[in-house]
Structures are given as structure tokens and as C-alpha cells.
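**Student:** Below: one structure in C-alpha cells.
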Amino acid sequence: MKQKLIIIVLSILFALNSFGEETQIPDKTIDVETAVQSALQTHLSVRQSEIQLEQAKRKYAHAWNNFLPSLSANISGGANGGLTSTATNALTFSTGINANLNISLGVGKKIAALKAAYESGQKDYEDTVREIETEIRKSFYSLLYMQGQVDISRSSVNANEAQYNQTKIKKSQGLVTELDLLTSQVNYESAKINLRNTEKAYFTATFKFLNEIGINVEPGQRVSFEGSLDDYVNANDFELSQGNLDELIENSPAIRTIKNTLNKNKLSRSQLTLSAYLPNIMLSANISPYSYSYNLPNKMGSKRDSWSVSAGLSFALDNYIPGSAVRDNIADMDDSIKTLEMQLDKKRQQIKTNIIEILNEIEIAKEGLENCRLNSELAKKSYEMAEIAYKNGTKDLNSLQAIHNAYSNAELQYKNQQLSLINSRLTLKSLIGK
């Protein structure tokens, strides 16, 4: 059975009540899916991940610029001459365009690395979205649990108020002592203080959650969270065989991250090796479409155009020397790759262990949940019987209070067990990337 969790912005409502005003702002209802969608649109981590993904996409889409030559144009003019009367004085003017292209044979690996970075960025974005979604769902269910705490505390206040009123009647009839009446009153006041503290913690968590999911509340607006822990407790568990488990481990975000890093390091190593030991191709072209020279003494001018094209190969011979910087860099990359491979094997074992532990937690939580449910029902019936016995004078106040406390604790334990089961399932989904 669903219940609506009503949160009132207390400070604003108190201010409105003090002026005798009423708000006409419609209520805002939020369920878990609404909270998740709002968070994904506004959360800082998601937006940053989107920017990083767009950067990786742009770099890969523009990978062709590795084959774009450097271009330059020039316009120049000048005058020259000598200090003697026989020197030739002349004015010159020229224009030109230069193009140079230096291609490393490792450029293919560089483009492959850009592609790998883009694909890795897509997975990183999906992982960020999944992580935020898991956090929001856990926070939402935690709020439902806290609302259950508020409801139980409010029921405790009502029960203690009824006990206090009943004790006053008994006192007037001479059936109980003054100490019993005072005890009943203290229990009632303590229950009200506990309710206020529980509500305060709930309201604080609520405001923090609304900020986290990027939902603003208008002054005087009521916000209701719709749902109950019962709706999510009976979700289907994962059916895991050994083969399925191995597949889930390989596709888990943690394993995928190490694999992506390993692949990028291997591509970088290949690019560095090709660039170091294979020649670079150098292409250049120069075009001077117009060049003019005017000889002052002879009063004669001449113009001409010219062009040139060249190609060549460049070898870095020092890279072949043992102990060179490039060789050391390649060796460092090899060590990094070996380290990542060892980390990958270790991470596989860790994730497998974590999955098995969480599955055991889920099974234990399911068994404990049923026991807590039965215990709550038993405690409820015991309290109902004790309440009747107290009214009839066959049960004293201390016994009634002890039974009521046991009933409240049983209800809280049941809800806590529900929350534990839900969190374990969400943790498992996040771990295997589901």
C-alpha cells in the first residue's frame, strides 16, 4: 500500500500562519523516477561528463587535421643600394605561399587512440549517469525510511497521549498512584521531543535531497514524495550462473575502465615506437606568383614568378642508441602496461568477491526481512492486548510502556531491513553496470 510522504517547509509556513495567509501554489509530487530524471539534467558530475565526452568526440571527428599542412603567406618589399656612386640601387616587391607537411608513420596509431578515447568517454558518461542514478535512488529510499521513522514517532506520541489520559482517569478513580501519573506524563513529553527531533532530521535530509536533484520549492509549496519501501522490496534478484558471472565481471565499469586505460597505453606505445624507429615524411611547397624588381640607375624593372616542391625522409638516428631517452620511454610504457595487466587480474578477483558477498547479503536480508515482519506483527498484537489489559487494570503502566517500545523498535527494525535489502540490490546493479 502506497503512502504519500508530506514535507512542509516549516519556516515559511510558520511565517504564513503568523500573517493569517494561505498559499494557492499547487503541490509538487515527486516519485523516484522523477527525482532521477531531474538529477540527471542538473547534476554537476553528469554535466562535466557530457563536456568531456563532447571534447573527445570533437578530437576524433577532426582527426583528419593530422594530414593538414602548415600554410603561410608572405608579402615583402624593400630597397637596397650602396654607398659609392657606382653601386646599384633597386626596389623589390614579392609575394609567396608556403606549405609544409611532416607526417609520422605513427599517425595511424594516434588516430586509433583518439577513437579509443571517444569510445571510452561514452562508457565513462554512461557510468557517471549510472552512479548518480544509484545515489539518487538510495537517497530517495532513505527518505522513505526516515518518513517511516516520523510516522512511528507520531504514533508513539498518540499512544503515550492516550496512556496519559487513561492514567489521569485512573488517578481520579484512585486506581493508580501519583507516581504513575507523573511517569505517564514524562513518557508523553519525551515522545513529543523525540518526534520533533525525528522530524528535524527528516526535513534537513529532504532539503538536501531537493538541492541534490535540482528541484526548487516555491515559498509555501508542499512537496510530497510518493511511494513506499514495500514497492521496491520485492524486485527480481539477479539469476547468476558461473558463465553469466564471468561475463558480468568483464563488463563491469571498474574492469572496463582498466581495459580502456590499458588499450590507450598500448596504442600510445605503438605510436611512440613507430615514430621513433621509422622515418618521418617531409613534404614542402613554395609558390611565388609575383616578384618585381626595379633598378633605379637604369630605370628598368623586371618581374617573375617561381615555385618549388620538395620531399624527403627524416631519421632520428639517436633513437637507435641503447639507453636513449626514447628507448627508456618505451620501456617505461612496457612497465606501465604490465602493471595494468596485473591490476586487471586483481580487480577481477575483487569484483567477483564483492558480488558474492553482496549476493549473500541479499539472501540474509531477505531471510531477516521475513523474520522482522513476523516479529513486528507479534509485537503489534502484544501491544494491542497489553493496552486492553491496562485499561482493565490487569497490566501496569511500566509493562505497557515496555511493550509499546518493543513494538516501535520492531517496526523500525523491519523498515531498516527493507532499506538494507534495497541498498544491497542497488549496490550490486552499480557494481556490474546494470
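The values are calculated or read from the model by the stated rules, or taken from the named source; none is laboratory data. Just so it is clear, the structure is predicted and the values come from calculations on it, not from any experiment. All Cβ positions, even for glycine, are placed from backbone atoms using ideal geometry, and neighbour counts span all protein chains on display. With ligands, DNA and RNA removed, areas are computed over all heavy atoms of the protein, side chains included. Shrake-Rupley method; radii C 1.70, N 1.55, O 1.52, S 1.80 Å.
Every residue, every condition in (1) in contact with a Pro (Cβ under 6 Å, 6 or more places away or on another chain); (2) closer than 16 Å to Ile152 by Cα; (3) hydrophobic (A, V, I, L, M, F, W, C), yes or no:
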| residue | (1), (2), (3) |
| --- | --- |
| Leu344 | no, no, yes |
| Leu359 | no, no, yes |
| Ala386 | no, no, yes |
| Asn392 | no, no, no |
| Tyr407 | no, yes, no |
| Leu421 | no, no, yes |
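**Student:** Here's something else I'd like to know. Would you confirm, using the coordinates I've provided, whether Asn319 is polar (S, T, N, Q), open to solvent by less than 80 Å² (accessible area, probe 1.4 Å) and under 30 Å from Leu68 (Cα atoms)?
**Tutor:** Answer is yes for this residue.
**Student:** If you take the residues in the stretch 71-112 that are among the β-branched types (Val, Ile, Thr) and at pLDDT 75 or above, which one is farthest from Met282 (Cα to Cα)?
**Tutor:** Per the stated criteria, the residue is Thr92.
**Student:** Determine whether Glu133 is assigned to a helix (DSSP H, G or I), at pLDDT 85 or above and touching a helix residue (DSSP H, G or I) at 6+ places or on another chain (Cβ under 8 Å).
**Tutor:** In short, yes.
**Student:** I'm trying to understand the selection: among the residues of the stretch 31-60, which are under 12 Å from the mean Cα position of the chain (by Cα), polar (S, T, N, Q) and surrounded by 15 or more Cβ atoms within 10 Å (Cβ to Cβ)?
**Tutor:** Ser49
**Student:** Let me ask another. Tell me, yes or no, whether the stretch 306-327 has at least one residue that is among the hydrophobic types (A, V, I, L, M, F, W, C) and touching a residue at least 60 places away in the same chain (Cβ under 8 Å).
**Tutor:** No.
**Student:** Give the residue that is farthest from the chain's Cα centre (by Cα), with candidates limited to residues of the stretch 200-220 that are at pLDDT below 85 and either crowded, with 16+ Cβ neighbours inside 10 Å or of a type in the set (Gly, Ala, Ser) (or both).
**Tutor:** Per the criteria, the residue is Gly220.
**Student:** Between Gly301, Gly312, which is more than 30 Å from Gln350 (Cβ to Cβ) and either at pLDDT below 80 or part of a loop (DSSP other than H, G, I, E, B) (or both)?
**Tutor:** Gly301
**Student:** Now, a different point. Given (1) over 30 Å from Ile358 (Cα atoms); (2) among the aliphatic types (A, V, I, L, M); (3) in contact with a Cys (Cβ under 8 Å, 6 or more places away or on another chain), where does Ala410 come up short, assuming only one miss?
**Tutor:** Going through the list (1) over 30 Å from Ile358 (Cα atoms); (2) among the aliphatic types (A, V, I, L, M); (3) in contact with a Cys (Cβ under 8 Å, 6 or more places away or on another chain), Ala410 breaks only (1).
**Student:** Given the structure, is Leu359 under 20 Å from Thr261 (Cβ atoms) and either in a helix (DSSP H, G or I) or among the polar types (S, T, N, Q) (or both)?
**Tutor:** For Leu359, the condition - under 20 Å from Thr261 (Cβ atoms) and either in a helix (DSSP H, G or I) or among the polar types (S, T, N, Q) (or both) - is not met.
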